[in-house]
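Written below as structure tokens is the structure these notes are about.
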Amino acid sequence: MQTTTERPQTEVNNEADFLPLQGTDYVEFYVGNAKQAAHYYKTAFGFQSLAYSGPETGLKDRASYVIRQNKLTFMLTTPLRPDNPIADHIYKHGDGVKVLALKVEDATSAWNETTTRGGQSYLEPTTLQDENGRVVMSGIHTYGDTVHLFVERGDYNGVFMPGFHQLESNYNPPETGLLYVDHCVGNVGWNQMNPRVKFYEDVMGFRNILTFDDNDISTEYSALMSKVMSNGNGFVKFPINEPAEGKKKSQVEEYLDFYAGEGVQHCALATNDIVKTVRDLQSRGVEFLKIPSSYYATVLDRVGHIDEDLEPLQQLGILIDRDEEGYLLQIFSKPVEDRPTLFFEIIQRKGAKSFGKGNFKALFEALEKEQDARGNL
Ligand code: FE2
């Protein structure tokens with residue numbers, strides 16, 4: 001397999017793009033206790049309360065908390081009863097990402113274009129309306145039980161969308177500098193990467209901009225393969241991982257076992273000051289993977305000059321990589337639930353458009369240490 005270094009187009013070509021996307025609208029998590037999860041993301045990550053829906057707004061089966069930090073919006077949804085698809089999702093997968101919602105100008109066209117190309121409908125175009133305007137939503141299935149919703153906000157000027165009240169709180173911890181979703185990675189089963197790549201190409205008009213084979217992403221023990229899919233304007237990027245044969249069980253297999261299927265492995269959240277953000281997150285209890293100090297002894301030989309002092313990067317465990325266009329700084333959290341499933345990446349791009357290939361080995365060795373401690377390597 002070949003490694004390509006093609007880059008995302010930065011110019012929008014609307015004529016060719018049958019699914020113009022304006023970015024990520026929100027990420028919805030199905031969780032066992034949305035009230036407590038909202039408290040965690042506010043406390044640990046610095047999100048602010050935005051909106052709420054539940055019994056008080058007329059919903060009988062669920063409660064959702066919407067929290068926001070800059071352009072980053074999370075929705076935390078929990079079931080109120082056992083006989084409910086949300087409850088089934090949590091029983092099977094544990095807490096995890098259900099919806100990657102994408103901003104569109106026309107949710108009806110997005111649904112028509114994708115379903116006529118083979119996308120399986122999750123939600124037919126549906127108009128939600130209140131005194132603040134209207135929002136149109138539609139959606140299709142992607143890997144596992146994960147779905148994409150297309151959100152058309154038009155001139156809606158309410159707090160979030162119809163059906164939601166403003167969520168006010170006396171508890172408002174300061175933000176940590178997180179800005180927007182950089183990319184969200186899906187883990188899929190054996191031999192499922194290429195079919196999923198074809199889905200993003202055929203159904204959603206994405207392009208494969210980078211490929212990593214098992215030589216790029218392998219340690220002494222385990223391996224994986226990955227292809228990065230991007231929409232036409234590069235605003236939405238979905239890398240897709242599948243396990244590869246190694247001496248021991250790969251991290252993707254561990255995920256698939258514990259998530260009981262395919263799903264979102266991590267979301268990368270962008271910041272403009274990773275040292276400040278990560279220092280803040282660590283002081284609030286977010287746990288990150290530990291990188292051996294030997295990594296920092298040689299990293300500048302590999303990446304060349306960087307603007308930052310190396311010492312705080314080493315102290316915090318922040319990784320550095322470079323491509324032809326610049327460099328990037330990144331760090332990976334431990335899983336944010338007891339199952340070894342979803343985690344977060346914090347990323348600061350200084351020109352680089354790639355994903356940290358030079359860090360894969362150090363990163364996966366750090367991951368394997370954790371996997372070994374859980375008895376799953
Ligand atoms: Fe990533």
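The values are calculated or read from the model by the stated rules, or taken from the named source; none is laboratory data. Model, not experiment: these values are computed from the prediction. With ideal geometry, Cβ positions are generated from the backbone for all residues, glycine too; neighbour counts draw on all protein chains shown.
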With the first residue restricted to region 269-292 and required to be within 12 Å of residue 317 (Cβ to Cβ) and surrounded by fewer than 21 Cβ atoms within 10 Å (Cβ to Cβ), and the second required to be basic (Lys, Arg) and modelled with pLDDT under 95, Cβ contacts under 9 Å at 6 or more apart or on different chains are 289/369; 290/369
So, first residue over 9 Å from residue 352 (Cα atoms) in region 319-333, second residue more than 13 Å from the ligand (Cβ to nearest atom) and acidic (Asp, Glu), Cβ within less than 7 Å, six or more apart or across chains; the pairs are 333/287
Failed item in (1) under 23 Å from the mean Cα position of the chain (by Cα); (2) over 30 Å from residue 178 (Cα atoms), with residue 55 passing the rest: (1)
Note: among 304, 351, 263, 326, just one is out of contact with any Gly (no Cβ under 8 Å at 6 or more places or on another chain) and either at pLDDT 90 or above or of a type in the set (Gly, Ala, Ser) (or both), namely 304
All positions within region 218-254 that are of a type in the set (S, T, N, Q) and away from the ligand (no atom under 15 Å from the Cβ): 218, 219, 222, 231, 233, 250
Taking residue 149, is it within 16 Å of the ligand (Cβ to nearest atom) and either in contact (Cβ under 8 Å) with a residue 12 or more places away in the chain or in a loop (DSSP other than H, G, I, E, B) (or both)? no
Taking the residues in region 350-370 that are within 12 Å of the ligand (Cβ to nearest atom) and crowded, with 19+ Cβ neighbours inside 10 Å as candidates, determine which candidate is nearest to residue 291 (Cα to Cα). 363
Considering only residues of region 152-187 that are under 25 Å from residue 234 (Cα atoms) and at pLDDT below 95, which is nearest to the ligand (Cβ to nearest atom)? 154
Give me the pairs: first residue in region 335-347 and acidic (Asp, Glu), second residue crowded, with 20+ Cβ neighbours inside 10 Å and part of a loop (DSSP other than H, G, I, E, B), beta-carbon distance under 7 Å, and six or more apart or on different chains, which are they? 337/94; 337/95
Of everything in region 13-42 that's touching a helix residue (DSSP H, G or I) at 6+ places or on another chain (Cβ under 8 Å) and part of a loop (DSSP other than H, G, I, E, B), which residue is nearest to residue 73 (Cα to Cα)? 31
Kindly evaluate residue 364 against the criterion of being in contact with a Ser or Thr (Cβ under 7 Å, 6 or more places away or on another chain) and assigned to a helix (DSSP H, G or I). yes
Residue pairs qualifying under the 8 Å Cβ cut-off, at least six apart or on distinct chains, with the first in region 186-207 being among the hydroxyl-bearing types (Ser, Thr, Tyr) and the second being assigned to a loop (DSSP other than H, G, I, E, B), are 200/206
Could you tell me whether any residue of region 287-298 is modelled with pLDDT of 95 or more and away from the ligand (no atom under 16 Å from the Cβ)? yes
For region 189-212, indicate whether the set of residues that are at pLDDT below 90, away from the ligand (no atom under 15 Å from the Cβ) and outside the structural domain of residue 93 (by TED's automatic domain parsing) is non-empty. no
Hey, any hits in region 222-239 for a residue that's over 19 Å from the mean Cα position of the chain (by Cα) and either farther than 21 Å from residue 25 by Cβ or in contact (Cβ under 8 Å) with a residue 24 or more places away in the chain (or both)? yes
Residue 257 - would you say it is over 26 Å from residue 314 (Cα atoms), at pLDDT 95 or above and either more than 16 Å from the ligand (Cβ to nearest atom) or buried (at least 17 other Cβ atoms within 10 Å of the Cβ) (or both)? yes
Just to be sure before I move on: is residue 308 surrounded by fewer than 19 Cβ atoms within 10 Å (Cβ to Cβ), part of a helix (DSSP H, G or I) and either in the same structural domain as residue 273 (by TED's automatic domain parsing) or among the charged types (D, E, K, R) (or both) in the structure I sent? no
Report whether or not residue 79 is under 30 Å from residue 232 (Cβ atoms) and in contact with a helix residue (DSSP H, G or I) (Cβ under 9 Å, 6 or more places away or on another chain). no
Enumeration of residues in region 330-359 that are part of a strand (DSSP E or B) and at negative phi: 330, 331, 332, 333, 343, 344, 345, 346, 347, 348, 349, 350
